[in-house]
Structure formats: C-alpha cells, structure tokens
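Everything on this sheet refers to the single structure shown next.
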Amino acid sequence: MSSSEGEGANPSPCPAAPPAVAGAGVGVGVGAAAWPRRRCRDVFWLVVFLLHLLVFGGALALTGLNRFGQADRFNIDRFTNLTAAPRFAGSPEPAREAPPPPSLEVEEVTPKSELTESYWPYYGAAGAVGTVLAWAWLAAAAGRKDGGRVVMRAAVHSLTAYLAVVSVLCFWGKHFFWGVAFAVGGALHFLYVMSVLDRFPFTMLVLQKAVRMIWELPDVMRIAYAFVLVMLCWMALWSFGVSGILAFHIPNGGQWWALLIFSVSLFWTGAVLSNTVHVIVSGMVFLVLIHGGQAAASMPPKPLLKSLQYAVTTSFGSICYGSLFTAAIRTLRWEIRGIRSKIGNNECLLCCVDFLFHIVETLVRFFNKYAYVQIAINGQSFNRSARDAWELFQSTGVEALVAYDCSGAVLLMSTILGGLITGTCTGVWTYFKQSDKAIMVGSTSMLMGMILVGVTVVVVESAVTSIYICYAEDPRLIQRWDPEFFDQMSEALHQRLQYRSARAHQILNSRLDQLPNTSSALLLFKKRVRVRHDSIGMRLYTVRSGRRACNMEVSHAHVVMFYNVTW
C-alpha cells in the first residue's frame, strides 16, 4: 500500500514490489523497525463523542436515581405538567389528591411500577442473554474452521422463521402494529434471500476463509470478548437510566421519544466500540497477510498492542465520525440495490430510484466499512480512507466482487437474530409481570442484544473487508496465503466483469440504435477507448460517451463503463 503519513497519499497496487517492500510502504515497518508516529484525525468528532458520553451519562444517572427507592426523588414530575392539557378560564380546578399519611412507609404508598428497580432486573436479564449469545456466536463462528458454514445457515434459515414467531407473539399480546411490522419484516427477508440465492456459494466461500483467518489469530477473539464486557458496563448505566424513564410517567408519548433519544445514543456508542474492534482486527489481518504469517521474522513487535493503541488514540476520532453514518448508509444501499434490480420497464419509477441510487452511491464513497482497514493501516481521516478504499476497488474492478458478495448482509442477519432472541426473552418475561411495558422493554432489550452480538460479529466482518483490500492492493498477498482461494476469487472476478461487460454492451447498443447515424457514433466511441493493465493480468476497457459524440441525445447516460476481460 502507499505510504500514508500525509493526507494526500493515495493507495495504489504495487505489483512490482516484493511483499516485504510493500509492507514497508504502508508504514508498518519491517522486522523490529519502529512503528510510525501518527497524528490524531477527526478530533472534532472525538470531542463530540466524549461530550455525548458525559452528557448522556449524567442524564441516565439522574433519571435512574430519581425513581430509585423513592418516587420522584428530585421533584422532576413538576416538568411533566407543562405538557398536560390546558385549563380554560372559568373551568373548575381539578381536585387535588390528599397526601399520604406520614406514618406510612414509602414502600407502602409508592407502586412498584413507579420505581427504577422494578425494570432494572429485566435489562439485567437482557444484558446476560445478549452477552451469552455474543460469546456463543463468536465461539461457534471463529472457534472452528467450518464456522462460516454454521453462521450462514443459522442466519439465513432461522431469521425468517423467528420473525414469524415474534409476529405471532405480538398478535397474541394484542400489539397489532408490531405484529404486522414483524410479519412484513419476515416476508421482506424471505424475498431478499430468494433474490440472492445465486450469490450464496461465493458468500460462503468468503466467510469460510475469513473465519479461518480469525481462527489463526486467537488474540483478536480475546479482544472481542473484552470489548463485550466494556459494552456491558456502559449498558448497566444505560439500562439504569432507561428503567427510571419507564417508571416516570410522561404524557403525550413522551416516554417513546425519550427512549428513542437514548436508543440513538446507545447505538452510536455500540457502533464506536464495534468499529474499534474492526480497526484492531483489520490491522492484525493486514499485518499477517503482508508479512506472510504471524510468526514471520519481519512482523513488528507486539502488533496487537500497537493496533489497540492506535485504535483508541490517534484513530479514535475517525472511528467516532464513521460510526454515525456508515451502518445506516450501508443498509440503505442494500435496500435500494434490491429495489433497483426488481424494477421492470417502468421508466418513471426507474428514474426516481436511479436518482436515489446515485445519491447513496456518492455517500458510499465517503462512508463505507472498508475505510476502517485504511484507518488501521495508514491512520488517515475517515473520509480520506473511505475515498481511497472505494477508488482502489473501482480502479481494479474488485468493486464487482464487493457488490456481488452478501457476507455483510449475512452477518447483519446474525446480529438481528441475536437481538430478536434477547428482546423476545426479556419481553415475554415483562409481559407476565407488567404487560403494559412489554413492548418498551422488549424493543430496547432487542437493541441491547443487537449491539452486544454486533461487537463479536464485527470480528469476522473485519477479516472479510481486509481480504478484499489486500486482494485489490496486491493479489499476491492472497495468493501466498491461500493459492486455492486466490484462484477462486480470480475466477469469480472474471465472471463478474464479463457479466458487467455484457450488460454494458447491451445498454450501449440500445442507445446507439436510437441515434440517427449509428455507424459514425460507434466510430467516435471506439476512438475514446482507453486500455489499462492492472496487477492481476486483465485489461479493463473504459468507454466514455461524451456529449459531443452522442449529439446530446444520450446525455442521461453521460458515462458508460464496461469491462472486457481477457486472460
């Protein structure tokens, strides 16, 4: 990779350099050489995240203590009267309730449903279930060589059935809105799985190799276990405050809004911890691949500690920044791609979806999960890392494999399944104790379970992203690690580029047929062909249709790109 001490360095393939020299190019040093010094990146977002932890941590402690052992300890109930229904002039004043006799104890006059400790045990159970699921998932996935097959089968085959079960439970509890929501989610998941069945063999191949990589690095599994405990500590404070909110009666749906705000905070915190693990694992995987093994003499000393140090210091601001947007944009991209591929000849709808697709694709250039690999290796800012990674994929054609691979979706299914199991266990228990709070407790517990499982799922995802970055940077790294896997990836890339080339030819021919002078336009196209050789021996033909060449009649297809592969 390119040296990235400065912001202006762009990663580029290095086919002529030997592995040791390429390793030195990324700034990791060879042998016992010192690690490079790095500057802190995206400091503004680091400060914002730390302030967010301070403010939300104080608010959680306040709301939890307000109802702990005593109802309205800090007299916050007076603020809820601001949202009460207004009293018109001349209307009789509502009768005030008589205060409780002073001889009675607080426990006798305060209903248990108004105390924090009434709901905190439910969240304690949710944290325990989520932690067990997270550790069990990592042990089943990364603790065995065929873990990729286990993960994929469990995620793909179980999620639809479990969504149906949760939908039935919601209907049984007379929560019709949530029942319909989960039923629709199960149907959409089933349709998605049916639409990408042809991609599963390649996805399973990539997952199996990623799991094998993690299996060879047991230290990164210990890091994941430790970060689950760190996340659990923050969840203890979070659930304490949310329990106080559940006991605090806020009119006009105020409880739901408060839960939404604190859930966004928890999601951001969980994403930051997950992506910190992502950066640590990515750095380790890249070092192992570029030095030819963990026991190689050229490996720098204490690589895991150095990766951890960089992740929680100089690169932490970039992690905080990327964690705000990456997951949402990635999910939106999957959905729009699925809708776009199913639209037929409806030109109006296709135009609208294409507009959204191009907006999301532009955002993906600045917010993608592959940026964390560049952050781990080069220590760049998040936007620069995301841009470099995406340009690297597009310039080498590996983006065709990235778009074809469904490993990210499969791992997201595992995360959702873990959250559903956690939320179901907690929600059913709450229903039999306090049925009116079952949905609130179950939904927030589902979020807790998803975050805890996501901290361990990201270990495998980091290995997948690192494999793609290494393949795009220098395919010989993958060839040296696993020659058979290299041949399989090269063959898959060859097939995907051929498929794209055929589609581009078809689109190009359909546009040219609509022109009045097809032969002259085709000649102008041929004159604008540029040929470039990349590091894995294939020629990429890029045809750009300028406005002049097409007489402005295909300006909506301004740039047409296709690949014609020869071996």
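Looking at 412, 350, which is the one that is open to solvent by 40 Å² or more (accessible area, probe 1.4 Å) and either within 20 Å of residue 40 (Cα to Cα) or modelled with pLDDT of 85 or more (or both)?
It is 412.
Would you confirm, using the coordinates I've provided, whether residue 386 is among the small types (Gly, Ala, Ser), assigned to a helix (DSSP H, G or I), in the same structural domain as residue 178 (by the TED database) and surrounded by fewer than 23 Cβ atoms within 10 Å (Cβ to Cβ)? In short, no.
Selection of first residues in region 217-239 that are assigned by the TED database to the domain that holds residue 444 and of second residues that are of a type outside the set (Gly, Ala, Ser) and open to solvent by 30 Å² or more (accessible area, probe 1.4 Å), restricted to Cβ pairs under 8 Å at least 6 apart or on distinct chains, gives the following pairs, ordered by first then second residue: 217/294; 219/304; 220/304; 223/304; 223/308; 225/135; 228/135; 239/120.
Residue-level check: of (1) under 21 Å from the mean Cα position of the chain (by Cα); (2) of a type outside the set (Val, Ile, Thr); (3) farther than 28 Å from residue 485 by Cβ, residue 301 misses just (1). Of all the criteria given as (1) crowded, with 22+ Cβ neighbours inside 10 Å; (2) touching a residue at least 60 places away in the same chain (Cβ under 8 Å); (3) out of contact with any Phe, Trp or Tyr (no Cβ under 6 Å at 6 or more places or on another chain), the one not satisfied by residue 476 is (1).
With farther than 22 Å from residue 464 by Cβ and buried (at least 24 other Cβ atoms within 10 Å of the Cβ) as the only criterion, which of 243, 282 stands out? Quick ask: steps written out before the conclusion?
On the way: 282 fails: farther than 22 Å from residue 464 by Cβ.
Criteria check complete, one pass: 243.
Picking from residues in region 229-240 that are open to solvent by less than 10 Å² (accessible area, probe 1.4 Å) and aliphatic (A, V, I, L, M), the one that is nearest to residue 322 (Cα to Cα) is 231.
Within region 239-257, can you find the residues that are under 17 Å from residue 62 (Cα atoms) and part of a loop (DSSP other than H, G, I, E, B)? Listed by number, the residues that qualify are 248, 249, 250.
On inspection, residue 260 fails the criterion of being open to solvent by 10 Å² or more (accessible area, probe 1.4 Å), within 24 Å of residue 65 (Cβ to Cβ) and in contact with a Leu (Cβ under 7 Å, 6 or more places away or on another chain).
Take residue 273 and tell me if it is under 25 Å from residue 45 (Cβ atoms) and open to solvent by 10 Å² or more (accessible area, probe 1.4 Å).
Details: under 25 Å from residue 45 (Cβ atoms): yes; open to solvent by 10 Å² or more (accessible area, probe 1.4 Å): yes.
Spelling it out, residue 273 is indeed under 25 Å from residue 45 (Cβ atoms) and open to solvent by 10 Å² or more (accessible area, probe 1.4 Å).
The values are calculated or read from the model by the stated rules, or taken from the named source; none is laboratory data. Being a predicted model, the structure only gives us computed values, none of them experimental. We place every Cβ from the backbone using ideal geometry, glycine too, and count neighbours over all the protein chains shown. Calculation scope for accessible area: heavy atoms of the full protein, side chains included, ligands and nucleic acids excluded. Shrake-Rupley method; radii C 1.70, N 1.55, O 1.52, S 1.80 Å.
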